[in-house]
There are 2 protein chains.
Amino acid sequence: MTTDYSGSGDPARSLQLLWRDTRHPTRGPRPGLSVDKVVAAAVELADAEGLAALSMRRVADRLGVGTMSLYTYVPGKAELLDLMLDTVLAEEARPDGAGGWRAGLELRAREDWALFHRHPWILQITPGRSLLGPNETDLFEATLRVVDGIGLSGTEMVLVVNLVADYTRGVADTAVGAAQAERRTGMSDEEWWKAREPLFDRYFDPDRFPTVTRVAASGAFEQPIGEGQYTVAWARESFEFGLGRLLDGIEAFVATRPAGPAGPDGV
Amino acid sequence: MTTDYSGSGDPARSLQLLWRDTRHPTRGPRPGLSVDKVVAAAVELADAEGLAALSMRRVADRLGVGTMSLYTYVPGKAELLDLMLDTVLAEEARPDGAGGWRAGLELRAREDWALFHRHPWILQITPGRSLLGPNETDLFEATLRVVDGIGLSGTEMVLVVNLVADYTRGVADTAVGAAQAERRTGMSDEEWWKAREPLFDRYFDPDRFPTVTRVAASGAFEQPIGEGQYTVAWARESFEFGLGRLLDGIEAFVATRPAGPAGPDGV
DNA sequence: CTACCATACCGTACGGCATACGGAGTTGCA
DNA sequence: TGCAACTCCGTATGCCGTACGGTATGGTAG
């Protein structure tokens, strides 16, 4: 499935919810639920069973209310997804500037990575435009601060911060997808490959794919098989390798700028 | 929506379809359709209206057949998505080694980028395990070849190739999401921001977000507004900037390896 | 030439989904 | 005391993927 997602509803309502600008008018019956409870239930469900299992019915069931009651707290599913996203963003530790910009960006990337693994559904909701939620803004502020005063222009600061975030999203998308394949298909990686290898060999022509053949023969695809978690370990190494290269590249770029406390107005 | 996706069906059948290993038994009535026609119709529909609009019913309508007739050609929607993906992969130009590894990886990244824009739905189907389809394998072969013989081990070759692909996927996910937001919400970026700015200002506290405030004041968020396509232009610059940094980082890494035609068996 | 039967085609039905609509019950204030 | 504002939610509509089983087609075996 795909989520046709957000931004369509009433902006004022969405922002109010995101920033929890909700004073309860004292008139009617006391609400039995709250936005936070609905969001928490939805996050739990999505974590446990995936975004595909996240339906308004299931969330309502989990809260012990009728489906339509949710619509008292949340305008619709799209907005609920927005709220879920900004909510889990609060879980990330913020870089604090210790260790310089490189350590700061590393921290941000690793926190993103961990978050994507903890809440894989994040990767399945299309990014679209910015949410303008409090936690997203918070995180952006903290990360911008990390690359502040090292000689970059405002535009360059934004470029660098987004670059690291986008890279992490990309690897995580692949890695999390692979990690979840087992759950989704009810088949371990080993079983999966065992089932396909003999069939694949019928189509795989070494003359057509000589380099793949050679690389495969070198053992590059055989990862250290551990407790069945080997895909995860391999993915993490892959992520760290790429992060290292990326930061090396950024470092070279930063070195070309006039160092010092130039601030975002420079250039 | 989200697509619970693939790998679940019969492997033999999936691989046969992917590699078009389909000889028609001469018995019954002549088939009016073919796998290719079904896939082509599905791709057209997804391109035109997005993955959310891709239903078996709509594909069948487009082909002038009953819904259930599709199941003669394709085991189910998950497998159809697999086929769609491997099919559009054929559109990418393959790097041919001219200009060395850096130019080769650049070409691959730009081809991926273009493909993601041409077929945004690719980004919405969860990667999971490899398809083992012909075009995917082809592309992998061509890209591996580009980093062959420059001193990398087999594992390192795979790391580098995947790194570039993952980076591109990440930026494209963001960029395509933003580019499509207009279509999805029926609202231009300008309208969208106009509707939210005054509301957002009520929550945005400059003391809490000083760096964002300063960077915004420096004009880093005001992109050259052109024909309404400015988001696209900005995204492309952003992609090229990141690609440059990434390849710089990889270049530094390659420089640490013993150059020469070591091949994938080294280290 | 007939009978068989693999295959293509597809109508119907089931259980899921988001959510529009409107009614019933509850509470605080005028 | 009464009504307005509010929560809760049953029902219905129109989507979805696809299981099931029926019918039409047409090459081939006898």
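As a calculated quantity, the FRET efficiency between B:T72 and B:E197 at R0 = 35 Å, using C-beta atoms, amounts to about 0.05.
Shown for chain B are the DSSP H helices of 15 Å or more along their axis, judged by Cα atoms, with a mean Kyte-Doolittle hydropathy of at least 0.0: B:35-49, B:77-89, B:154-185, B:230-255.
Inter-chain neighbour count for A:126-138: the average number of beta-carbon atoms from partner chains within 10 Å of each residue's beta-carbon is 6. Under a model in which nothing but the beta-carbon of Lys, Arg (+1) and Asp, Glu (-1) is charged, chain A shows a dipole of about 820 debye around its Cα centre. Inter-copy label distances for A:R208: 5.8 nm (label point placed 7 Å from Cα along Cα→Cβ; shortest first). Listing A:T168, B:T72, B:T185 from fewest to most neighbouring C-beta atoms within 10 Å gives B:T72, B:T185, A:T168.
Positive contributions from Lys and Arg (+1) and negative ones from Asp and Glu (-1), summed over other residues with Cβ under 13 Å from the Cβ of A:Y73, come out at +2. Helix-only arithmetic for chain B: the sum of -39500 (n - 2.57) across DSSP H runs with n ≥ 4, divided by the residue total, places the mean residue ellipticity at 222 nm at -19500 deg cm²/dmol. Here A:Q16 yields copy-to-copy label distances, from shortest upward, of 5.9 nm, the label point defined as 7 Å from Cα along Cα to C-beta.
Quotient of the Cα radius of gyration of chain B and 2.2 N^0.38 Å, N being its number of residues: 1.23. Backbone phi angles across the range B:91-96, fed through the Karplus curve with coefficients 6.51, -1.76 and 1.60 (θ = phi - 60°), yield HN-Hα couplings of 6, 6, 5, 8, x, 10 Hz in residue order; Gly and Pro are listed as x.
For A:A233, the distances from its label point to the matching points in the remaining copies are 5.1 nm, ordered from shortest, with each point set 7 Å beyond Cα toward Cβ. Averaged over the residues of peptide B:16-23, the number of Cβ atoms from other protein chains lying within 10 Å of each residue's Cβ is 2.
Ranking A:G64, A:P25, A:A78 by Cα position along the charge dipole of the range A:1-80, where only Lys, Arg, Asp and Glu carry charges on their C-beta atoms, puts A:P25 farthest toward the positive end.
As a calculated quantity, the FRET efficiency between A:R13 and A:R236 at R0 = 30 Å, using C-beta atoms, amounts to about 0.15.
Within the listed set B:R27, B:R245, B:R214, the Gaussian network model of chain B (springs between alpha-carbon atoms below 10 Å) gives the highest mean-square fluctuation for B:R27. Remark: mean inter-chain Cβ contacts per residue of B:197-210 equal 4, using a 10 Å Cβ-Cβ cutoff to other protein chain atoms.
Each reported figure results from applying straightforward, stated rules to the coordinates on display, with no laboratory input. All figures in this text were calculated on a predicted structure; none of them were measured in a lab. All Cβ positions, even for glycine, are placed from backbone atoms using ideal geometry, and neighbour counts span all protein chains on display.
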